[in-house]
1. Taking the Cβ of residue B:77 as the center, what net charge do the other residues with Cβ under 12 Å away carry, scoring Lys and Arg +1 and Asp and Glu -1?
2. So what J values fall out for segment B:209-214 if you push phi through Karplus, 6.51 cos²θ - 1.76 cosθ + 1.60 with θ = phi - 60°, rounded to Hz, Gly and Pro as x?
3. Dividing the Cα convex hull volume of the protein assembly as shown by residue count, how many Å³ per residue is that?
4. Could you check how many percent of all C-alpha pairs in segment A:60-100 are farther apart than 15 Å?
5. To the nearest 0.05, what FRET efficiency results for residue B:245 and residue B:295 with a Förster distance of 51 Å applied to their C-beta separation?
6. Using 27 Å as the Cα-Cα cut-off, could you pick out the over-long pairs in A:48/B:377; B:175/B:237; A:75/B:77; A:160/B:77; A:75/B:159?
7. Could you give me the percent of Cα pairs per 10 Å distance bin for segment A:53-122, shortest bin first, beginning at zero and ending with the bin that holds the maximum distance?
8. Over what distance in Å are the Cα centres of segment B:75-96 and segment B:6-36 separated?
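The values are calculated or read from the model by the stated rules, or taken from the named source; none is laboratory data. Computed from a prediction, not measured in an experiment: that's the story for all the values here. Every residue, glycine among them, receives a Cβ derived from its backbone with ideal geometry; neighbour counts consider all protein chains shown. We work out accessible area using only protein heavy atoms, side chains counted, and drop any ligands, DNA or RNA first. Shrake-Rupley method; radii C 1.70, N 1.55, O 1.52, S 1.80 Å.
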Amino acid sequence: MTIRGRVWKFGADVDTDAIIPARYLNTSDPAELAKHCMEDADPTFPAKVRPGDIIVAGKNFGCGSSREHAPIAIKAAGVAAVVAASFARIFYRNAFNIGLPIFESPEAAERIEEGDEIEIDLNSGVIRNLTRNEEYQATAIPPFMQELLAAGGLINYVRKKVGKECIR
Amino acid sequence: MNAMGMTITEKILAAHAGRDEVHPGELINVRIDLALANDITAPVAIKEFEKIGVEKVFDRDRIALVPDHFTPNKDIKSAEQVKIVREFARRYGITNYFEVGRMGIEHCLLPQEGLVLPGDVVIGADSHTCTYGALGAFATGVGSTDLAAAMATGEVWLKVPESIKFIIKGKKWNKWVSGKDIILYIIGKIGVDGALYKAMEFCGEAISDLSMDGRFTMANMAIEAGAKNGIFAPDEKTRAYVEGRARRPYKFYYSDEDANYSEVYEFDISEIEPQVAFPHLPENTRPISEVGTVYIDQAVIGSCTNGRIEDLRVAAQVLRGKKVNPNVRLIIIPGTQEIYLQALKEGLIEVFIEAGAAVSTPTCGPCLGGHMGILAKGEKAIATTNRNFVGRMGHPESEVYLSNPAVAAASAILGRIASPEEVE
Ligand code: SF4
C-alpha cells in the first residue's frame, strides 16, 4: 500500500508541547485536539493542513511528554504519515499503537522540502520524492511491530491474546 | 559457557521476562510491578482498556491512578476527565486512586507511598515515570494505549535498551550544586537526544554522596536526554528510604563489572556550577556565572523534579528573612500532602509566606502551563521544573528558564536570574 501527499516541513526536536500544547489537554476528544495540531510550532498549521498531507521533520520528533494526544492530534488532523530523521521513543511507540504510520529516514528528512509531493510505500518503507525525482529508504520496522500493525494496533493484538481466558 | 556481564537495567528486565539474560535490541515481554496513569493519560487509557473486553484489571493493587495535572479541577473539562478516572477506579476496585487532599504529584507520591520499589519494573503513562530509577528500579514512560494493554495483562513489550554509564567522581561540591545541576550539566553535554532509546546509569563518588531526593531529581530528567530510563545502584540510602514504606518484598540489583556500555562519560563534581537551562530546550544550559542579566516575572519552585522536602528546605534557607522582589511572583508547590505537612512542621511554609510567596496545594499546575501560574505574552519565568519548551508554562511567546531551587529562590529575591551567593 502506498500513500501520496504534500509535505509540511518542520525542524529538529519538535516536542509534544508544540504538537499539542498542554493547555488543550483537558479533553481527549480527537476532533478537539486536531484543531490545535502543531499550533505552537506553526500557528497557521491547523487551518492549512489538508487530509492526506505528510509531515516531514528533523531529529527527535515528538520529544517530551508521553501524551498519546500528540499522535492522535496529528492523525485526527488528517495527516497521513510522519517522516523524521529520528523519533523520540515514547512517540514512536504511541504512533504504532494508535496506527499513525511513521518513517525514520535522516536522508529523507534532509532532502525533502516544504511543498514537495512524496509517495511512501508502507510495506517497504521506500519514500519517493515526486517533486525532486529522488528516492530514500526508511529504517525497516522490526518484525514484532509489523505483527502489531497487522493485528490492527496493540489493543486488537491484546484482545486476541487475552481472548482465550477472559473474554466477556 | 560464561555469560557476559549484565547491567542493572538488563538484570531487572531479564528477571521480569523470566529469562537468565537479555541483550540490548531484543524485544521482550515483561511482567510489570506497577502501572501508573494521571488525569490526562488515564481517560484515554480507560477508553482503550474498555475495547479489550476483559472483566477485570490484572491486579487492582498494582495500578495507581493519580489526578494531579489539572487538580483541584481547574475547569469543567478537567472535572469531567477526573470523573472518568474516579468512576473507573471505583468500578474496578483500584486500591491506589488518590483524591485531592490525599494526593501529590505522581512521581513524588508513588515512592513516598512505597508503591514503587528497588528491582521493580514500572510503566506509567507519563514520561517522567523514569523518576523511580532513583530507587534502582526499571521505570519508563509509555502512552495510554500501552498502559491500557498493561492494565489488562500485567505485561508490556519493551526493547532492551543499551546503557550509557555516567561516572560523577569527586568530593568537592560547589555549595549550591544539587542533583538538578548534575543532570542539567549532563543534558547540556549530550543534548536532548543524547541518550535516545538508551538507559542512563549514574554512578561514582558524587552519586553515592547524593541524597535520595537528589537522585529522584536526576532520574526524573533522564527523559529530557531522550532516555528510556535512568537508574542508580541501590545502597544504604535507598534502603533507609524504602524501609517503613515498602509493603511487599523488593530486590537490589547491581551491574556486573564486565557489563557492556555503549558509551561511558566521566565528570568531576568540582567542575559543575549551578546550571540554568535557557529557552527552549533543557540542553541550552549555562553555568550560573555565565547567565548575564535576565529579568524575570515569575519563579516556580515545585514539580516532580524539585518539589520534595529537601528542595523546600533549600528554598527556605535562601528566602529566610528576605522578601520576594516587587516585580516577581514566587509560587511554591510542595510535591505531596506529606511533604506539605512536613514543610509546615519545619516552619518552611511560614518562611515562604513571610517572604511574599504564594504556596499552593500539590499540583502539576504551572509546570505544564495547566493552571496556578500561567505566563502572559513576553513574560519570563525561572522554574525548578524539567521542561522549557515553547509555550510550556503559558503563552507561546513566554520563556522558561530551568534551575535548582536555590537559584530560583535567589532569583525571586533579586528579580533577575541570580546565584544564591548573591543573597547570602
Ligand atoms: S510536575 Fe510537570 S513534569 Fe512532573 S508530572 Fe506534573 S506536569 Fe509532568
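1. Around residue B:77, the surrounding residues sum to -2.
2. 7, 6, 5, 4, 4, x
3. On the way: hull volume 87.1 nm³, N = 592.
Spread over its residues, the Cα hull of the protein assembly as shown gives 147 Å³ apiece.
4. On the way: 244 of 820 pairs.
Distances greater than 15 Å cover 30 percent of the Cα pairs.
5. On the way: r = 42 Å, r/R0 = 0.83.
According to the calculation, E is roughly 0.75.
6. Values: A:48/B:377 24 Å; B:175/B:237 21 Å; A:75/B:77 22 Å; A:160/B:77 34 Å; A:75/B:159 25 Å.
Beyond 27 Å: A:160/B:77.
7. Over segment A:53-122, the share of Cα pairs per 10 Å bin runs 22, 57, 21, 0 percent.
8. Computed from Cα coordinates, the inter-centre distance equals 31 Å.
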